[in-house]
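Visitor: I have a structure I would like to understand better, so I am pasting it below and will then ask my questions one at a time.
The values are calculated or read from the model by the stated rules, or taken from the named source; none is laboratory data. Predicted, not measured: the structure shown is a model, and the values here were computed from it. Reconstructed Cβ throughout: ideal geometry from the backbone, glycine too, with neighbour counts over all protein chains shown. Surface areas here come from the heavy atoms of the whole protein model, side chains and all, with no ligands, DNA or RNA. Shrake-Rupley method; radii C 1.70, N 1.55, O 1.52, S 1.80 Å.
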Amino acid sequence: MSAAPARSTVRPAARSAAVPTRDLSRAGAARERALRIVAPARARARRAPFVVVVVTILSVGLVGLVVLSTALQNQAFELARLQEQSTSLAVQQQQLEYDADRLANPASLAAAASAIGMIPNETPVFLKPDTGEIIGVPTAAGSRP
């Protein structure tokens, strides 16, 4: 680096045209030293930061779409699996209800009771729940009155 003073980018002819007269007084000399010619301000902003921002926004949007698409696809697979499981469980529930109805009818109950050694009572006794009254005479099953 050299210690040379910074040079103005304005040509000498343009400099002399910019300052038509010189004031030789002390105030004029101070003002002339304080003023200097500067390069004009750029009218257009640089495009690089704008392009980086736009590319970043587009990239984030594209990644977001890919993630959203993947999540929706996974949810679609999960939905299909759960619907299949629901159908299977509905069939199992219907089968269990049918079995319960079949086993709860009186003929099935009598057959199951006979299979484990129970005998039917020829003289049943009934109880009225609202009054607590017993209708009939209680006797042991298998004994005759």
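Visitor: Once the piece of chain linking residue 51 and residue 75 is laid out straight, how much longer is it, given 0.36 nm per residue of separation minus the C-alpha distance between them?
Guide: 5.0 nm
Visitor: Which one, 70, 136, 85, is farthest towards the positive end of the dipole of the stretch 61-145 when Lys and Arg carry +1 and Asp and Glu -1 on their Cβ?
Guide: Toward the positive end, the furthest listed residue is 136.
Visitor: Report, to the nearest whole %, how much of the accessible area of the stretch 90-145 belongs to carbon and sulfur atoms, 1.4 Å probe, protein only.
Guide: Here it works out to 63 percent.
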